[in-house]
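Notes to accompany the following structure.
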Amino acid sequence: VRELSFKPEFSAAKTEINNELKDLERALKFEEKAVEALVAAKGDLDLPDDMAKLTRGAKKGKIIRNDRGRGVYVNLSGIELSVPSIKLPPKTLAQAMGGRAEPAALADYYVARGALEEARTLAISLPEADRVRIERKLEVLKGGEAESAAEAAYKDMLPLIRTRQWKSLREKLLVFETMHAKSEFAVRKLPELAAYKEFTERALMPPVVKAFHTRNAKLLADKR
């Protein structure tokens, strides 16, 4: 990312890129200190669900040492397992630091880890410059999340189209309209979604109604 800031086409964003890198560095330093504090406490760690699958059901391990800055080692009935920092719950690291956490650094860490609600709550009590900075980040991320959610909802409908599940598709379309209609993704897909909706309504139309519409359409065509 730093290399991009030196390219002419990114010169206008150079300051912003450098600021983002500083924020990220602050978040990483917080994480390093928090992991050290977590190891020093030598307490128990609840394992993430995906890692618990590798331990034959064991969901808690004893923290024994630092994994050279990459995370922590836990002991599970005599077996050592490395848990990467990215798998450690943000709240766990925040609690490990206690009152020693620099609020702005913690907010940057929450943003970097996607703990947006925690970042939003913390931002309220930050000095104005940091509060504005964090809230601006959250607004950008919120927009990105909305677009990602709209795209995911659209992709969720595609198998229903391929398998001709018109009733389920109609329900999904109604939910999509309610939840994602204002997204840029939905606006781009508007003609396609309108066509799906029209086709679905026709496919689910009772035979007697379908026959009525077909007859009326023929009568109108004959009058032209």
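Condition check for Ala58 on (1) surrounded by 16 or more Cβ atoms within 10 Å (Cβ to Cβ); (2) of a type in the set (A, V, I, L, M); (3) in a loop (DSSP other than H, G, I, E, B): one failure, at (1).
Considering the conditions (1) open to solvent by 90 Å² or more (accessible area, probe 1.4 Å); (2) aliphatic (A, V, I, L, M); (3) modelled with pLDDT of 90 or more; (4) within 20 Å of the chain's Cα centre (by Cα), Ala123 is excluded by exactly one of them, (1). Looking across the stretch 44-55, the residues that are open to solvent by 50 Å² or more (accessible area, probe 1.4 Å) and either at pLDDT 80 or above or of a type in the set (Gly, Ala, Ser) (or both) come down to Asp44, Asp46.
Checked against the criterion of being of a type outside the set (S, T, N, Q), buried (at least 17 other Cβ atoms within 10 Å of the Cβ) and at pLDDT 80 or above, the candidates Ala37, Ala41, Ala27 yield just one match: Ala27. Listed conditions (1) without any contact (Cβ under 8 Å) to a residue 24 or more places away in the chain; (2) open to solvent by less than 70 Å² (accessible area, probe 1.4 Å) are all met by Glu117, apart from (2). Scanning the stretch 77-105 for residues that are aliphatic (A, V, I, L, M), farther than 15 Å from Glu36 by Cα and in a helix (DSSP H, G or I) turns up Ala104, Ala105. Within the stretch 174-224, the only residue that satisfies the criterion of being surrounded by 13 or more Cβ atoms within 10 Å (Cβ to Cβ), at pLDDT below 80 and of a type in the set (Gly, Ala, Ser) is Ala203. I need the full set of residues from the stretch 126-168 which are at pLDDT 90 or above, open to solvent by 50 Å² or more (accessible area, probe 1.4 Å) and part of a loop (DSSP other than H, G, I, E, B), in order please. Selection gives Pro127 alone.
The values are calculated or read from the model by the stated rules, or taken from the named source; none is laboratory data. Because the structure is predicted, anything quoted here is derived from the model rather than measured. We place every Cβ from the backbone using ideal geometry, glycine too, and count neighbours over all the protein chains shown. Side chains are part of the model used for accessible areas, which takes the heavy atoms of the whole protein and leaves out ligands, DNA and RNA. Shrake-Rupley method; radii C 1.70, N 1.55, O 1.52, S 1.80 Å.
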